[in-house]
Each structure stands twice: as C-alpha cells, then as structure tokens.
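Notes follow the structure.
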C-alpha cells in the first residue's frame, strides 16, 4: 500500500504530487485496469508471448543499429498536399 506522510512545512499539493508518483511507480492503476475484467489463462499466455516477441524484435533492431549504424533504414516522408513533389 502506498503511504505518504506530510512533512513539516510541506504543502498538501506537494504531498499529493509525491503520492501520485508513488502510486504510478507501484503500478496500482495498471493492475486495477487489468483486473477489471476476466482474462482466460490461455489468452494471458498468448498476450505474454506476443509481448515477448515484440520485445525481442525491438531489442534486435536496437542491436542492429548499435552494431552497424549505416544499415539503419530511414522512413521516407509521405508527400503532403503542400509539397510539389509530382511536378
């Protein structure tokens, strides 16, 4: 449980700010949202596998960038109506 004691000569707003930071770090809101509805164990496993695959792909991209910065594919900007690319 998250607790904050108001220090001497500390405003209530500041104490509330500290409480909010501790609340977010503890992940209470995230946990409440995930527990707000039932998720089957098989669905939980499937989501965990997807999350792990995304994490591994992201780490592989970062590793490739660190090993060979020139091999980074840059995204091209889509032409907008204001640009005269097609003239």
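The values are calculated or read from the model by the stated rules, or taken from the named source; none is laboratory data. This is a predicted model, so every value here is computed, not measured. Note that each Cβ is placed from the backbone with ideal geometry, even for glycine, and that neighbours are counted across all protein chains shown.
If you check residue 72 against the conditions, is it in contact with a helix residue (DSSP H, G or I) (Cβ under 8 Å, 6 or more places away or on another chain) and modelled with pLDDT of 85 or more?
Spelling it out, it is not the case that residue 72 is in contact with a helix residue (DSSP H, G or I) (Cβ under 8 Å, 6 or more places away or on another chain) and modelled with pLDDT of 85 or more.
Kindly establish whether residue 61 is surrounded by 10 or more Cβ atoms within 10 Å (Cβ to Cβ) and without any contact (Cβ under 8 Å) to a residue 60 or more places away in the chain.
Yes; evaluated as a whole, the condition is true for this residue.
Could you pull out the residue among 35, 25, 30 that is closer than 14 Å to residue 1 by Cα and at pLDDT below 95?
Being closer than 14 Å to residue 1 by Cα and at pLDDT below 95 holds for just one of 35, 25, 30, which is 25.
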